[in-house]
Amino acid sequence: MSPKTVEIDATPEWAAAAEHAARLRDTHLRDLFAADTDRADRLTVEAAGLVADYSKHRVDAAALEALFALARAADVEGHRDAMLRGEKINTTEDRAVLHTALRAPRDASIVVDGEDVVPQVHEVLDRMAAFADRVRGGEWTGSTGRRIRTVVNIGIGGSDLGPRMAYQALEPYADPEIACRFVSNVDGDDLASNLKGLDAEQTLFIVASKTFTTLETMTNARAARDWLVAQLGEKADVAKHFVAVSTNLGEVEQFGIDPANTFGFWDWVGGRYSFDSAIGLSLMVAIGPDGFRELLAGMRAVDEHFASAPLEQNLPVIMGVLGVWYREFFDAQSHAVLPYAHYLSRFTDYLQQLDMESNGKRVRRDGTPVDYQTGPIVWGTPGTNGQHAYYQLIHQGTTLIPVDFIAFLHPAEEVGDQHDLLTANVLAQAEALAFGKTAEQVAAEGVAPELVPHRTFPGNHPSTTFVVEKLTPRTLGALVALYEHKVFVQGAIWQINSFDQWGVELGKALAQRIVPELSTDSELSHDSSTNALIRRYRAARRS
Ligand code: F6P
C-alpha cells in the first residue's frame, strides 16, 4: 500500500515552516553567520564521498527543525521505505519504482510481484559486461570482420540523456579507441551530422528505448539501418551492427534485432531513472565493465545513506527540504545547478529531465489539485562560462535563484595552475552571492555616489557548495543518486507521483495527427493559428 495522501499545506508543520520563513525573510546571511561562528561546521554534511556545505542557506536551527518536521508530516520516510521495498508507488501506472535495485548487491533480495528482481539485474549486467568486453577487445566485429570503432546510441529522453551525460563526464576513463555518438532528435540533421565521417563497417548502433515505440528513436533507427545497408550493400549483415536495449522484447524482434543481442530491463525502472540499467550499455562499452560497476557502487553508497541516515543528516533530504523552502515560501521559481567541471557540461541537461519530468505535476497522488508550488525549473551550465553570461541576474536581478555549486578537489586533468583558478572562482561566487557588497562598502572604495546603487550587491542569495574529491565513475554515480533521491523527497513532500509523465502525451498525439496533414491538402480543423502555420509549411514545401 502506497502511503496515503496528506493535505500537506493544511498541516501545522506547513504553517510552522511558513512562519519561520516569514521570520527569516529579512534576515541576511551576513547576520546568520555573524551570530553563529560554528555555522559552517554544523551545516556541512558528508555522505558517500560527497561533502555538502549548506551553511549559505537562509535558515537557522529552528527553521531547519521545522523543515524536517514537515518532511515527517509528509511521511517521507514511509514513502521512501515503500519505494525501496518494491511497493507500487507509481500508482497511475501501477508500477514499482525500483531504480535502486539496479545497483543492489548480488546477494540482496527485492521482490516484485512474487519475484526476486536482483538475480535478473545481475544476469543483464553480466551479459552487458561480456558484450562490452567483446566490443572493446575487438572480438565483436562488423559485417566485414573489422572491429568496432564507433558506437552510436539511438534513444531519446531517459534513453539518451544519462549515457550521453556520463560518457562526456567520464571521457578521461573511456577507451580512446572507441568513440560514442548520441542521436536523439527526430530532426534528420541530428542523425545526418552524427553519421558524417563514419565507416559503416566499424559502426555499431545501440537502439535504446524502454518502449521501443518512441517516434524519434524508431524513425532514427530505421534511417540508420537504411544508411548501413546503403553503405555496405550486399555485405551488410544488420545483426552485426545493431543491438537493442528495451523492456519490449517483442517489438525489438519485429525490428529485426536478434534477441541474443538484446539487453532487457523492467517496467519498474522509469525512463529518467534508467541510466544505470542496460540503457547505460554505450557507457559501459566506453568505460568498461569495471568502470560501470564503480558507478553503481557510488550510487549504492548514496542509496544506503538515504535509506538509513536520520533526516537531519540525510543529504538528499536536506537538499529536498531546502528546495521546498525556497519554492514555497520565497517564491523561487528555478534552481540552478552549476558544476565547476568542464566534463559535467551535460549534467544539468540530465537533471532537467530527472527533476522536471518527475515533479512537474499539478495534482496530488489522489488526483486532487495542489494549491501550492511543485517542481522548480532546473537549469545551469558549467562554471566559469556562466559567470560571463547569466550570473549577473543571479547577483543583481530581482529573482531569487538557489544554486548548487559542484566543486572538485582535483581536476580530471592537471593543466598548470588552472584548477586553482577554477576553484577560486566557485568559492568566490558562493561568497559573493551570500554576502554581497553593501552600499557603504562600495562608497568607502571611493565610487562616485551615482554609481553606488549600480555597484552594490544585495547578497543573501542561497547556495549549497558540494565538494567532491575528483570526477570519477564512483563520484558521478553518487551525484546522480543524490539528485534522484532529492527529487524523490520533494515529490513526497508535495504528495505527487514523481514517476509518471502524462504531460508528454498530448503533444505526441497532436504531432501524430499533424504529420499526414503536412504532406496532403486535407481539410484542417485546428485553431486558426495552427491551421495558418500548417498552410505556410505546406506552401513552402511544395514551391
Ligand atoms: O516522452 C517522454 C518519455 O516517455 C520519457 O519519459 C522517456 O525517457 C522517453 O520518452 C523515451 O522513451 P523510450 O525509452 O520508451 O523510448
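Structure notes:
- The sole residue among V124, V151, V117 that is touching a Phe, Trp or Tyr at 6+ places or on another chain (Cβ under 9 Å), touching a residue at least 24 places away in the same chain (Cβ under 8 Å) and more than 15 Å from W266 (Cα to Cα) is V151.
- Condition met for T150 (over 20 Å from the mean Cα position of the chain (by Cα), within 16 Å of the ligand (Cβ to nearest atom), surrounded by fewer than 19 Cβ atoms within 10 Å (Cβ to Cβ) and among the β-branched types (V, I, T)): no
- Failed item, numbered, when E523 is tested on (1) in a loop (DSSP other than H, G, I, E, B); (2) within 30 Å of D366 (Cα to Cα); (3) among the acidic types (D, E): (2)
- If the condition is being among the β-branched types (V, I, T), open to solvent by 30 Å² or more (accessible area, probe 1.4 Å) and closer than 22 Å to M299 by Cβ, then region 68-117 contributes only V111.
- Subset of region 271-288 [open to solvent by 10 Å² or more (accessible area, probe 1.4 Å) and within 11 Å of A174 (Cα to Cα)]: I287
- Only one of T144, T219 that is free of Cβ contacts under 8 Å to residues at least 40 places away in the same chain and of a type outside the set (G, A, S): T219
- The one condition in (1) closer than 23 Å to E328 by Cβ; (2) touching a residue at least 60 places away in the same chain (Cβ under 8 Å); (3) open to solvent by 40 Å² or more (accessible area, probe 1.4 Å) that E65 fails to fulfil: (2)
- Any hit, region 215-222, residues being of a type in the set (D, E) and within 20 Å of L281 (Cβ to Cβ): yes
- Matching residues in region 168-217 - criterion: being of a type in the set (S, T, Y), open to solvent by 30 Å² or more (accessible area, probe 1.4 Å) and within 27 Å of A412 (Cβ to Cβ): Y173, S193
- Among the residues of this structure, V207 does not count as one that is within 16 Å of the ligand (Cβ to nearest atom), closer than 23 Å to S345 by Cα and under 24 Å from the mean Cα position of the chain (by Cα).
- Filter result (open to solvent by less than 100 Å² (accessible area, probe 1.4 Å) and within 16 Å of the ligand (Cβ to nearest atom)) within region 497-537: N497, S498, F499, D500, Q501, G503, V504, E505, G507, A509, L510, A511
- Residue in region 358-367 that is within 16 Å of the ligand (Cβ to nearest atom) and closer than 26 Å to T423 by Cβ present: no
- Any hit, region 262-270, residues being of a type in the set (D, E, K, R), open to solvent by 10 Å² or more (accessible area, probe 1.4 Å), in a loop (DSSP other than H, G, I, E, B) and touching a Ser or Thr at 6+ places or on another chain (Cβ under 7 Å): yes
- Meets criteria (over 29 Å from the mean Cα position of the chain (by Cα) and farther than 22 Å from G323 by Cβ) for A443: yes
- Taking region 307-412 and the helices (runs of 4 or more DSSP H) fully enclosed by it, the elements with 3 or more residues that are open to solvent by 30 Å² or more (accessible area, probe 1.4 Å) and more than 18 Å from Q490 (Cα to Cα) are at 391-396.
- Test: residue in region 130-138 that is within 16 Å of the ligand (Cβ to nearest atom) and either over 30 Å from I8 (Cα atoms) or open to solvent by less than 20 Å² (accessible area, probe 1.4 Å) (or both): no
- Unmet requirement for R225, which otherwise passes all of (1) open to solvent by less than 10 Å² (accessible area, probe 1.4 Å); (2) without any contact (Cβ under 8 Å) to a residue 60 or more places away in the chain; (3) of a type outside the set (V, I, T); (4) touching a Gly at 6+ places or on another chain (Cβ under 9 Å): (1)
- Complete set of residues in region 56-86 that are small (G, A, S) and not in a loop (DSSP other than H, G, I, E, B): A61, A62, A63, A66, A69, A71, A73, G78, A82
- Qualifying residue in region 435-453 (condition: within 16 Å of the ligand (Cβ to nearest atom) and surrounded by 14 or more Cβ atoms within 10 Å (Cβ to Cβ)): no
The values are calculated or read from the model by the stated rules, or taken from the named source; none is laboratory data. Computed from a predicted structure; not experimentally measured. Heads up, the Cβs are rebuilt from the backbone with ideal geometry, glycines too, and the neighbour counts pull from every protein chain shown. Please note that ligands, DNA and RNA were not included when accessible areas were found on the heavy atoms of the full protein model with its side chains. Shrake-Rupley method; radii C 1.70, N 1.55, O 1.52, S 1.80 Å.
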